[in-house]
Structures are given as C-alpha cells and as structure tokens.
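Worksheet: the structure to be examined is printed underneath.
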Amino acid sequence: MVSDNEKKRYSVTLTTAYVKALDQLIEVGIYMDYQDAIRDALRHIFQYHVLEPFSEKEPATPEP
C-alpha cells in the first residue's frame, strides 16, 4: 500500500482517440498537461463512487 505522501508512477496505453481528446483539452488551456487531465479524471471517478477523501456526498445512483 502506498502512503498518502508517497507517489507512484503508472504507465497507461491510450488509443489515438483518447490522445487526440487530451491534446484538445491541453491546447485550449483547460489542462496544463496529460498528468493534470488524468488526475482530474480520476478525481471525478473517485467522487462519483464516493471514495474518501475525494467525496463527502451520498453514493451516486446508477441510471437505468
């Protein structure tokens, strides 16, 4: 298990569609780089699934 202060590097293989979409987000200035965009996406996933310390809301109800 990794401590809260420790960082761990992961390698991810993305399709061209994902890379192009990330490039667009970076080009328009929404994110500074791939790491920022991917971290924010993970933060949103963790909030959606109500994982601490990323969220304090009730669990999301899956849509039918």
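Every read-out reported here was derived from the displayed coordinates using simple, explicitly stated rules and does not represent laboratory data. On a predicted model such as this, the values are computed, not experimentally measured, just so you know. Backbone-built Cβ (ideal geometry, glycine too); neighbour counts: all protein chains shown.
Below is a table of values for the structure above.
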{"quantity": "J(HN,Hα) series, the range 24-36, from Karplus relation 6.51 cos²θ - 1.76 cosθ + 1.60, nearest Hz, glycine and proline x", "calculated": "5, 4, 6, 4, 7, x, 5, 10, 6, 7, 4, 4, 4"}
{"quantity": "Net charge of Cβ neighbours under 15 Å - reference GLN24; Lys, Arg +1; Asp, Glu -1", "calculated": "-4"}
{"quantity": "Computed FRET value (nearest 0.05) for TYR10 with LEU51, which takes r as the C-beta separation and R₀ as 25 Å", "calculated": "0.90"}
{"quantity": "J(HN,Hα) series, the range 44-54, from Karplus relation 6.51 cos²θ - 1.76 cosθ + 1.60, nearest Hz, glycine and proline x", "calculated": "5, 4, 5, 5, 4, 8, 6, 9, 6, x, 7"}
